[in-house]
């Protein structure tokens, strides 16, 4: 009886802690669970980079009205623009606000953000896209915990592209793309532009990684956008790196799911569908201008990798405040592909 009472108490405490942390995400306008940290460090590939800001968007305990709340609208914008059909893209593409939704797991109360695409007639692909309100990110490490499936948990229909990316313009974009017409364990990593002015593919722009774990299972997809290189990770393992056309302009964070019947996505059959399911997004980043929430300098260094609970950075060292060039979003990196001396090189 005593052990039962103790287990019941621990269960209640666990629920209380989970709800408290969910409340923290709702009431904290910066979505930053690390008020004591003054900067953040990441390690990946040959690079060690410092960033000034942290955000964690947790979609695992959302209320049904979250997508119309002030908290959502402060951070994200659901897109509703359209494209017309053409010879290269025979399906009209229509972004629907209602194609962004909230999914609740059948076997638990865990929720997730969903982006949906489907085709229900011969001429139109209905699609979904969201973008961050903040558009002055300049260098970042962004992680998306996501998977791609079909409706009701089935396999996604061929003819869709799930995109997780940073974007400023067509020449300043870094992509993670999952094509549902590809074999299940295939992901494409690209720095744009991927086509020349004459329309030919630029081979060095894109890396296709195969024989990866199935994309229908949740994985943490990560982009490290540094000054001289972009690195892409899957579940903390480095998968691809590129020094081609590393983005130079301040950017936003984007997620989309789309198709247009063209060669890239393939053409979805009528009645087909796909769903991009996102449980959380975490980002550490620098900016091209001031952002509320951090003083200059780097006195308390925190990590976001290898922590006890994702989204909750942990202190790795404290000491004399050192300005790592964060003013005007500069940041620093060590051991980059163009700076192997071990000295701190500008991240801008």
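Find the eigenvalues of the gyration tensor of the Cα atoms of region 186-247, then list the square roots of 5 times those eigenvalues as equivalent ellipsoid semi-axes, largest first, in whole angstrom. Could you put the intermediate results ahead of the total?
Details: eigenvalues 102, 44, 13 Å².
Each semi-axis is the square root of five times an eigenvalue, giving 23, 15, 8 Å.
The fraction of all Cα pairs in region 117-253 landing in successive 10 Å bins from 0 to the largest distance is 11, 40, 36, 12, 0, given as whole percents.
With the highest mean first, a sort of the peptides 253-266, 93-106, 194-207 on other beta-carbon atoms found within 10 angstrom per residue produces 253-266, 93-106, 194-207. Each of residue 123 and residue 248 was given a label point 7 Å from its Cα along the Cα-to-Cβ line. The distance between the two points is 4.3 nm. Extension gain, residue 70 to residue 217, is 49.8 nm, computed as 0.36 nm per intervening residue step minus the present C-alpha separation.
Please sort 49-56, 219-226, 181-188 by packing, taking for each peptide the average over its residues of neighbouring beta carbons within 10 angstrom, highest first. Write out the running numbers ahead of the final one.
On the way: 49-56: 24.9, 219-226: 22.5, 181-188: 17.1.
In decreasing order of mean packing, 49-56, 219-226, 181-188 become 49-56, 219-226, 181-188.
Kirkwood's formula applied to the C-alpha pairs of region 233-312 gives a hydrodynamic radius of 17.7 angstrom. Measuring between their Cα centroids, region 263-289 and region 176-214 lie 14 Å from each other.
Rounded to the nearest 0.05, what FRET efficiency do residue 98 and residue 317 give with R0 = 45 Å and r taken as the Cβ-Cβ distance? Could you check?
On the way: r = 47 Å, r/R0 = 1.05.
Efficiency at R0 = 45 Å is approximately 0.45.
Let's test the formula: R0 of 35 Å, r as the Cβ-Cβ distance of residue 201 and residue 235. What FRET efficiency results, to the nearest 0.05?
Numbers: r = 29 Å, r/R0 = 0.82.
Calculated transfer efficiency: 0.75.
Computed from the alpha carbon positions, the gyration tensor of region 42-184 leads to an equivalent ellipsoid with semi-axes of 26, 21, 17 Å, biggest first. Assuming a ≥ b ≥ c are the square roots of the Cα gyration tensor eigenvalues, decide whether region 32-346 counts as rounded (a/c under 1.5), prolate (otherwise, with a/b larger than b/c) or oblate. Because a/c hits 1.5 or more and a/b exceeds b/c, region 32-346 counts as prolate.
Between residue 208 and residue 155, what is the FRET efficiency for a Förster distance of 22 Å, r being their Cβ-Cβ separation, to the nearest 0.05? E(calc), rounded to 0.05, equals 0.60. Considering only alpha-carbon pairs that sit under 8 angstrom and 6 or more positions apart, the relative contact order computed for region 126-221 is 27 percent.
None of the figures in this text is laboratory data; all of them are computed from the coordinates on show. This is a predicted model, so every value here is computed, not measured. Please note: Cβ atoms are built from the backbone with ideal geometry, for glycine as well, and neighbour counts cover all protein chains shown.
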